[in-house]
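The values are calculated or read from the model by the stated rules, or taken from the named source; none is laboratory data. Predicted model, so just to flag it, every value in this text is computed and none were measured. Note that each Cβ is placed from the backbone with ideal geometry, even for glycine, and that neighbours are counted across all protein chains shown. Heavy atoms of the whole protein, side chains included, go into the accessibility calculation; ligands, DNA and RNA do not. Shrake-Rupley method; radii C 1.70, N 1.55, O 1.52, S 1.80 Å.
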Amino acid sequence: MDLLFHIGRYFQLIRETFTRPERFGLYWKRTLEEVDLLGVKSLGIVALLSVFMGAVITIQTKTNIDSPLIPLYVVGFTARQSTILEFSPTIISLILAGKVGSTIAAQIGSMRVREQIDALDIMGVNSAGYLILPKVIACVVINPFLVVISMFLSIFGGYLAGTLSGLVSGEVYLQGIQTDFTPYHVTYALIKTVVFAFIITTVSAYQGYYTQGGTREVGISSTRAVVYSDVVILIMNYLLTQLLLI
Amino acid sequence: MIEVRGLSKRFGRTQVLTDINAVFQKGKVNQVIGKSGSGKSVLCKCIVGLFEPEEGEVLYDGRSFHNLELEQKRQVRQEIGMLFQSSALFDSLTVLENVLFPLRMFGTMDEAGMLDRAHLCLKRVNIEGKDRLFPSEISGGMQKRVGIARAIAMNPRYLFVDEPNSGLDPQTSILIDNLIDELTAEYDMTTIMITHDMNSVMEAGDNILFIHEGRAWWKGSREELLRSDNKELNDFIFASGLMRKVKDAMKR
């Protein structure tokens, strides 16, 4: 019953979030601020993770190839496929759920316990729309760019690790990343990213928006935001893969 | 004028308000007093629509608030100004931007007109030269005054003030009380002040409602309050030594 209550209230919040904004100009300004806070400021961690993720995939793939029948370009091929299909869209989204999700829940939760959301409601402002919609739009727009950057950096990280360690030559690695390339896989990855961005922002905003109590509860909401976003992302990852790849 | 008819509210199994009936008059500071936990803040939140009551209705100049559509409720709310106990200023906005916020959201003026109005409101509450400071950079008393400036920015018809003196020194409290009193008369608003501060009651109370155990226990004026023989009211009013001395002096 409790789960059904939360699901119902979550969709009610989504409906309120997507009602017509009072002033488009103000929402636009807030959306740009959120693009900077939630997107641009996440670029560093995304870049760092991606380079090392690609490097590790390359090294692990090479060290696990025992058979001389398997050509070496498979290392590049595997690095590309793993990165595009799973690591960049899903792992980066899980990381962003930690960084962005906790920020959103803490920010909105603090506003709730300090009566700032009540102040918005009493002014006649649609508080859900004003606070959540710019964050949803910002993440849905910016996260695909972050993931595309992550894909390039991860594959580049694999190249660096492969060539610098001497496990695979640059030429062979480049041959691998060009072998049997299916552009639809990038589309699939971007569809997943958009869905995950929506989940991160709305699930985290839901946790923050309905925070009750004080600073301790804000912390709890932040933790819940990350955990629940991650769980929903993993379930949706499975469903989307089933729907889009099979 | 705001009228409350038969309002009841409970949270789970706890009955917080029972059959509250009250009329809050226009142009006056109407006070809701009572002990902590008596239900006065819940009453305030029911009146402004932050809580949905189980029974009863609230009429804003004849408009039954809880029966209105969401959009109509939002329109009524644009006629409401509220000062929260915590001031509830937006941390990420400066003093000036806080006052400009409702104007930018709903105002029909151009930017210069909005700036003039915001400066006028800040001047009215004696805040000048603090435009660019953030709420965390000003004192609690100043935050309350900025909160009042934001509340009156849209020329509200109804003003709600929740515990305006909490955390303030007696001198600043009196300044805030007087300011609310003056603004109520100046803007001809229906003001509802929630308080348990007896100094506020003595400074600004025109029409007083005493809430006890979630019920409207007593209603009357400031003068009637001091002469009432209602036991629960007397226990609350004359709890402090100072107020008991006032009562003894009155008897003499």
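The 3J(HN,Hα) values that the Karplus relation (6.51, -1.76, 1.60; θ = phi - 60°) gives for the range B:183-194 are, in residue order, 5, 4, 5, 5, 9, 6, 8, 8, 9, 10, 10, 9 Hz. Gly and Pro appear as x. Between beta-carbons, use under 15 Å as the cut-off and find the net charge around A:Ala161, counting Lys and Arg +1, Asp and Glu -1. Net charge around A:Ala161: +2. One Cα centroid belongs to the range B:15-86, the other to the range B:183-248; the line between them spans 19 Å. What is the protein assembly as shown by shape, rounded, prolate or oblate, if you read a ≥ b ≥ c off the alpha carbon gyration tensor as root eigenvalues and call it rounded for a/c under 1.5, prolate for a/b larger than b/c, and oblate otherwise? Prolate, because a/c is 1.5 or more and a/b exceeds b/c. In this structure the protein assembly as shown gives 46 Å² per residue of accessible area when probed at 1.4 Å with all protein chains present. For the range B:54-70, the Karplus equation 6.51 cos²θ - 1.76 cosθ + 1.60, evaluated at θ = phi - 60°, returns couplings of 6, 9, x, 9, 10, 10, 9, 6, x, 8, 6, 4, 6, 8, 7, 5, 3 Hz by residue, with Gly and Pro reported as x. Taking the longest Cα principal axis of chain B as reference, the axis of helix B:241-251 is set at about 60 degrees.
Against chain A, whose longest principal axis comes from its Cα atoms, helix A:102-113 is set at around 10 degrees.
Going by the alpha-carbon gyration tensor, a ≥ b ≥ c the square roots of its eigenvalues, is chain B rounded (a/c under 1.5) or, if a/c is not under 1.5, prolate (a/b greater than b/c) versus oblate? Oblate is the answer for chain B, as a/c is 1.5 or above yet b/c matches or exceeds a/b. Summed over both chains, the area buried between A and B is near 2000 Å², taken from the accessible surface of protein heavy atoms with a 1.4 Å probe.
Helical runs assigned H by DSSP (4 residues or longer) give chain B a calculated mean residue ellipticity at 222 nm of -12500 deg cm²/dmol, each run adding -39500 (n - 2.57) before division by the residue total.
Just the number, please: carbon plus sulfur as a percent of the accessible area of the range B:134-204, 1.4 Å probe, no ligands or DNA/RNA counted.
48 percent
Working note: Karplus 6.51/-1.76/1.60 with θ = phi - 60° gives the range A:235-246 the couplings 5, 5, 4, 5, 4, 5, 5, 4, 6, 9, 10, 9 Hz, where Gly and Pro are set to x.
Normalising the Debye intensity of the range A:28-245 to I(0), with uniform scatterers on Cα atoms only, and taking log10 at q = 0.09, 0.14, 0.15 Å⁻¹ returns -0.42, -0.83, -0.91.
The angle between the Cα long axis of helix A:43-64 and the main principal axis of chain A comes to about 30°, on a 0 to 90 degree scale. On the range A:28-245, 70 percent of the accessible area sits on carbon and sulfur atoms, based on a 1.4 Å probe.
Net charge in the neighbourhood of A:Val218 (other residues with Cβ under 13 Å of its Cβ; Lys, Arg +1, Asp, Glu -1) is +3. Residues whose amide H falls under 5 Å from that of B:Leu83, counting only those 5 or more places apart or on a different chain, are B:Phe160, B:Val161, B:Asp162, with hydrogens built in the peptide plane.
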